[in-house]
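Novice: Dropping the structure in here first, questions after.
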Amino acid sequence: MERQCGGLIGADPLTFIGLSIAPGESILFVETVTGVTTNEAQFRSWWGPDLGSNVQIRFYTGNGLGSGGDGVRVWSSSATLDADVIDSVDFGTELRGASYTYNTNSGLFDIFSTNGVNGAFKAVETDDIGSPGTHQGPVSLEISTNPASLSVNPGDNAPFTVTVRGLPRPRFQWRFNGANISGATLSAYTVTNVQTSKTGLYSVVVFNGFQTLTSAIAVIRIFFHGDELEADLRHRHHYSHGSSAAALGHCHFHGKSAGP
């Protein structure tokens, strides 16, 4: 885990050693700030009894604060690139004394906490308002931007992307002609060195333990000497949107600009 500016190389892996989450629990990640808050006892004293006992508190070492916005990134232990992030949250310009809560329509962390609203409360030792360790449940997944069909020259690359909103954050699995593509598990996927064997139908499945959605189909076409050769297999494949239910734990991130 790390703050927005450092990338994978600046991530703190110690935060997750021995970490597990039980049903009904939340995990609160807190950046260590020397002279302010460095341990769980200080943090619980600051927020008081409204901070539930079902909330785990984990401290991490970050890369500083961003005056115009900030964010948190989480990678798996097998990550090798910045793009291998498995979860993230971004905040806008922070307001002194208030943390963020998420928008229950979009899943974005873009609403300042208000005392008494959506589980937010006032800290015991300061005037800070926040909702550490609480949430308002999942936000339905929605594919806001589907991958687009592409026409390329032989040997070119063909990049696909998908944009999804909702909580918990989704995972991704790209498909080619209905079959999973090994290792294609990010929100973007690039088909390299396109040849006729790679033309066809591409889609991506997004899932978060509560829902599963399948994107619209995107087609790769190749231009040969000015003539377009399209391997259009639409009549052989049928894709549908679906959903599935499952249990999933929640990890929550809260931004804060000032505190004890």
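Only the coordinates and a few stated rules stand behind these numbers; no lab work does. Worth saying up front: this structure is predicted, and the values here are computed from it rather than measured. Don't worry about glycine lacking a Cβ; one is built from the backbone with ideal geometry, like all the others, and counts go over all protein chains shown.
Novice: What translational D, rounded to a whole number of µm²/s, comes out for the stretch 1-157 from Stokes-Einstein when the hydrodynamic radius is the Kirkwood one over Cα pairs, at 20 °C and 1.002 mPa s?
Specialist: 121
Novice: Based only on other Cβ atoms within 10 Å, what is the fewest-to-most ordering of Ile21, Ile220?
Specialist: Lowest count first: Ile21, Ile220.
Novice: I need Glu31, Glu40 ordered by Cβ neighbour count within 10 Å, fewest first.
Specialist: Going from sparsest to densest Cβ surroundings: Glu40, Glu31.
Novice: Then there is this: Rounded to a whole number, what is D in µm²/s for the stretch 72-216 from Stokes-Einstein with the Kirkwood radius over alpha-carbon pairs (4 °C, 1.567 mPa s)?
Specialist: After rounding, the answer is 73 µm²/s.
Novice: So what is the relative contact order of the stretch 146-226, in percent, for Cα pairs below 8 Å that sit 6 or more residues apart?
Specialist: Averaging sequence separation for qualifying contacts and normalising by length gives 40 percent for the stretch 146-226.
Novice: Taking the Cα centroid of the stretch 116-159 and of the stretch 8-27, what is the distance between the two, rounded to the nearest whole Å?
Specialist: Their Cα centres are 19 Å away from one another.
Novice: If each residue's Cβ is checked for other Cβ atoms within 10 Å, how do Asp90, Asp70 rank with the fewest at the top?
Specialist: Fewest-to-most Cβ neighbours within 10 Å comes out as Asp90, Asp70.
Novice: If you don't mind, another one. If you scale each eigenvalue of the Cα gyration tensor by 5 and take the root, what three semi-axes come out for the stretch 141-236, rounded to whole angstrom and sorted largest first?
Specialist: Whole-Å semi-axes of the equivalent ellipsoid: 26, 12, 11.
Novice: Test of the criteria: in the stretch 114-220, which chymotrypsin sites (Phe, Trp or Tyr not before Pro) are in a DSSP loop and have at most 11 other Cβ atoms within 10 angstrom of their Cβ?
Specialist: none
Novice: Name the long-range amide H neighbours of Gly200: under 5 Å, sequence gap of 5 or more, or other chain; modelled H, no Pro or chain starts.
Specialist: Ile220, Ala231
Novice: Per residue of the stretch 115-127, what does 6.51 cos²θ - 1.76 cosθ + 1.60 with θ = phi - 60° give for ³J(HN,Hα)? Whole Hz please, x for Gly and Pro, Karplus curve as stated.
Specialist: Per residue, the Karplus-derived 3J(HN,Hα) values read 3, x, 10, 6, x, 6, 8, 8, 5, 6, 8, 9, 8 Hz.
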